[in-house]
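Colleague: Pasting a structure below so you can have a look.
The values are calculated or read from the model by the stated rules, or taken from the named source; none is laboratory data. What you see is a predicted model, and the numbers here were worked out from it, not measured in a lab. Methodologically, a virtual Cβ is constructed for each residue, glycine included, from the backbone with ideal geometry; neighbour enumeration extends over all protein chains shown. Note: accessible area is taken over every heavy atom of the protein model, side chains too, but ligands, DNA and RNA are not part of it. Shrake-Rupley method; radii C 1.70, N 1.55, O 1.52, S 1.80 Å.
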Amino acid sequence: MVQAGLQYDRLVAALEAVVISDRSAVRPSVTEDLGWQEGLLQAIAACARGEQLLSQRWQTHFQLLTSPAVVINALPYLWVMADVHGHHRGAVHRWVEELELCPTAAVACEQMFAVLCQQMGAAHSLSALARVLPGATSSWDDASLVAQALSLVVQSQGQFAVALGLARHREWSATAIALVGLLTGLASGRAGLSVALRQRWLLDYHPAQPDPWREVDADALATLATTLHRRWAGIAPPILSSTLPLGLRG
């Protein structure tokens, strides 16, 4: 039960960190990855219902995204499939193939799955993340998307604000920065998130312009994380539609 609670905390932190990272980003004049925020919310709801995200709709959605956004949107499916031994690695590989993703996105998804499986059993998650980085015994490409983001999280010692600052200093894309946030949340849990950033961009957030997250708040993210984590544990909510935030039921 303790380990399950730790995993749930990391899932909530990862979702919160993605939203905070994206909301606090400087918006470019030309926005890439249109719809990835809504896609993530819908993917969580779909996976919580037991869907496998293999319809033509999902294939088209994933193929229109850049690789960082693909990895973030794939998180719900990869989370449900993950376990400490990686028993479903073959199924994940087939899922990636059926989506017909570009090679970079396909490799990044499988690497994220490896990270999630490793994190399922990691008591000291930051030091464990360091061991996942490419090394002499690893076949990972040193320039891979997930490896770069992991490296930055480790360099920042799991400090959320520092990791975001480093990614922005390197002029990473908004979705790549959100991926760094996701990995930081997985590594540090909610306790590792910046109190100031969480307060500003999640708890007290009042957008001056249309919010791509549809004004999702901390309670809504916790509800989504609960439904997804219950599905991972093999427990489907008895009345799923009533547990999801408004607008995520269909």
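Colleague: Top to bottom by accessible area (1.4 Å), largest first, where do Leu75, Leu101 land?
Modeller: From most exposed to least exposed: Leu101, Leu75.
Colleague: Using the Cα atoms as the points, what is the convex hull volume per residue of the stretch 28-113 in Å³?
Modeller: 91 Å³
Colleague: Here is a follow-up. Could you give P(r) for the stretch 173-239, binned at 5 Å from zero, as whole percent values over all Cα-Cα pairs?
Modeller: It works out to 3, 13, 16, 26, 21, 11, 7, 2, 0, in whole percents.
Colleague: For Gln59 and Arg168, what does the FRET efficiency come to when R0 = 35 Å and r is the distance between their Cβ atoms, rounded to the nearest 0.05?
Modeller: 0.65
Colleague: How large is log10 of I(q)/I(0) for the stretch 77-122 at q = 0.20, 0.31 Å⁻¹ when the intensity is taken from the Debye formula with one equal scatterer per alpha-carbon?
Modeller: Values, matching the q order: -0.56, -1.13.
Colleague: Still on this structure: Label points 7 Å out from Cα along the Cβ direction at Arg49 and Ala196: separation in nm?
Modeller: 4.2 nm
Colleague: Then there's this: For the stretch 23-106, which GluC sites (Glu not before Pro) pass both filters: DSSP loop (anything but H, G, I, E, B) and at most 12 other C-beta atoms within 10 Å?
Modeller: Those satisfying the criteria are Glu100.
Colleague: Output ³J(HN,Hα) for the stretch 74-82: one whole-Hz value per residue in order, computed from phi by the Karplus curve 6.51 cos²θ - 1.76 cosθ + 1.60 with θ = phi - 60°, and x for Gly and Pro.
Modeller: 7, 3, x, 5, 5, 5, 4, 8, 7
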